[in-house]
Amino acid sequence: MSRIIAAAAIAIVALVGQARAETGGVELGVLDCAIGGGTGFFFGSSKDLSCTFTPADKTFAPEAYFGAVNKYGLDIGTTT
């Protein structure tokens with residue numbers, strides 16, 4: 001019985017914390033990303049990623065980020 005009460009208490013705390021986060025957030029900026037197209041292979045795929053972070057405070061310049069998304073496992077098909 002005490003395990004059920006503990007599980008219920010944890011669920012309530014998680015829900016209250018989530019509600020607070022949704023209503024009291026602060027916007028720091030916007031992250032806009034584009035993923036390059038490509039073809040998937042039997043054992044995985046890799047796609048280039050480029051992002052631009054635009055700060056909400058206009059006194060700061062936008063920042064560029066680059067990387068790759070790598071997936072391993074069965075990945076057959078194309079992305080445009």
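Applying a threshold of 9 Å to beta carbon distances and a minimum spacing of six or more residues, or different chains, the list of pairs starting in segment 18-35 at a residue that is assigned to a strand (DSSP E or B) and hydrophobic (A, V, I, L, M, F, W, C) and ending at one that is surrounded by 11 or more Cβ atoms within 10 Å (Cβ to Cβ) and modelled with pLDDT under 85 reads Ile35/Lys47; Ile35/Val69; Ile35/Thr79. Hey, any hits in segment 8-28 for a residue that's at pLDDT 70 or above, at negative phi and under 16 Å from the mean Cα position of the chain (by Cα)? Yes, that holds for at least one residue. Here segment 50-80 is the region considered, the condition is being part of a loop (DSSP other than H, G, I, E, B) and farther than 17 Å from Asp32 by Cα, and the residue that is modelled with the lowest pLDDT is Asp75.
The values are calculated or read from the model by the stated rules, or taken from the named source; none is laboratory data. From a predicted model like this one, the values you see are computed outputs, not experimental measurements. When we count neighbours, we look across all protein chains shown, and the Cβ atoms used for this are built from the backbone with ideal geometry, even at glycine.
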